[in-house]
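Worksheet: one structure, shown below.
Please treat every number below as a calculation from the coordinates, not as lab data. Just so you know, these numbers come straight off a predicted model, no measurement behind them. Neighbour counts are summed over all protein chains in view; Cβ atoms, including those assigned to glycine, are modelled from backbone coordinates with ideal geometry.
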Amino acid sequence: MPGELRCPLCERALEFSPRPEPCPRCRVPGTFFPTGAGLSGKAPGGQGIWRFREFFPPATPLSLGEGDTPVVESERLGPALGVRLHFKLEGANPTGSFKDRGASVLVAVLREFGVRKVAADSSGNAGAALAAYAARAGIQATVFVPAHASEKKLRQIEAYGGKLVRVDGPRPRATVEAKAACERDPELVYASHNESPYFLAGLRSLAYELAEQLAGQELEHVLVPVGGGALFLGLYYGFRELEAAGLLAKAPRLHLVQARVCAPLASAWEAGEREPKPVDVGTTVAEGVCIPAPPRGQEILAALRTIGGTAVVVEDAEILSAWSRLAREEGLYVEPTSAVAVAGLFSLVRRGEVRPGESVVIPLTGSGLKAS
């Protein structure tokens, strides 16, 4: 096995399996750490995320052409803020969001284990990605979704042949129902984008690509909209690996941005706590970040301290303003969740956390074509 599954907090070794157990001591999901893989001074050959396969759990590649998404420089917002701003267009992935990176690796690994049926909970994008790659692999997918989720995303899940289960109530109810279904059916494997170490491994590819695409330019800040936080952690581990290999002079500061109505990590950060603070979720236009109890919360907060970043909270009015400005001033049509990080940038500039002339990268996580 060219890698290890370990607890990200106490480093206890964990067992590889289609149903990886959390650390029995820390009660947090495990994380995959590649070993024996060496980042050379040259970019790997090939295309897509699977050219980085030596940093993934071993599996036969399963691809729909994910990765290699464009990076575009801001024409108006960056100059208006006095910063060098680039956007990574993750809506260009096959199902329209960054979740394809994780789903590709997750489903490939589960196929390697011989899994035939998977279940997940999602507000839309992760469910669509899982359904697409499961279809590609000949695996049956069942996706538990909040009944209020975007109809466009739900229709997409069904189009891939995914079985859709609408769950009334707040977003966490979908998680409860998905896990209960897996307990009832021993063949059904819980394929969680928030908990699976295999999904998280695929998200490292975003850091590797950014380092390639912006080679020769200093990476100082990356802002990420955070719900479950897998993208934040994928970038964290990816950039740290590049720095350790001497391919990046210094890992950029990573900043997480959350919507005011669901900000368990930002609230904990502001209070100086090491675990997410319980929150009562309200309604927000940014449905993709409504995770009131992120399973990897302790890991995210520890990473945030290590990387020298900060946590930002934004209001819905700020999110909608950023969403509108992206479309009208940059020609970029994204779902509101993607605009969360852009709203966070305005806040960080006001606070002096991001200073004039510094470089900023924001992954625009999903296409506006999928949003209600």
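General observations
- Taken along its three principal axes, the alpha carbon spread of segment 219-273 comes to 39, 20, 17 Å, from the longest extent down to the shortest.
- Per-residue ellipticity at 222 nm, computed for the chain from helices alone with -39500 (n - 2.57) per DSSP H run of at least four residues, works out to -11500 deg cm²/dmol.
- Of 185, 100, 316, the one that fluctuates the most in a GNM where the chain has Cα springs shorter than 10 Å: 185
- Neighbour-count order for 221, 148, fewest beta carbons within 10 angstrom listed first: 148, 221
- Kirkwood Rh and Cα Rg combined as Rg/Rh, segment 244-372: 0.97
- Sorted by Cβ density within 10 Å, fewest first, the residues 321, 122: 321, 122
- For segment 271-276, backbone phi angles converted through the Karplus equation (6.51, -1.76, 1.60; θ = phi - 60°) give residue-by-residue couplings of 8, x, 9, 9, 10, x Hz, Gly and Pro being listed as x.
- Restricted to Cα atoms, the chain shows a radius of gyration and a Dmax of 18.9, 56 angstrom.
- Compactness relative to 2.2 N^0.38 Å, alpha carbon Rg of segment 99-190: 0.98
- Stretched out straight at 0.36 nm per residue, the stretch from residue 280 to residue 152 would grow longer than its current Cα-Cα span by 43.4 nm.
- Stretched out straight at 0.36 nm per residue, the stretch from residue 164 to residue 21 would grow longer than its current Cα-Cα span by 48.9 nm.
- Distant-in-sequence amide H partners of residue 56 (H built 1.01 Å from N, under 5 Å): none
- Zero-based 5 Å bins, Cα pair distances in segment 18-149, whole percents: 2, 9, 14, 17, 18, 15, 12, 7, 4, 2, 0
- Once the Cβ-Cβ distance of residue 215 and residue 63 is raised to the sixth power relative to R0 = 22 Å, the FRET efficiency obtained is 0.35.
- Between the beta carbons of residue 320 and residue 13, assuming R0 = 45 Å, the FRET efficiency works out to 0.45 to the nearest 0.05.
- At 0.692 mPa s and 37 °C, Stokes diffusion of segment 293-343 via Kirkwood alpha-carbon radius, µm² per second: 263
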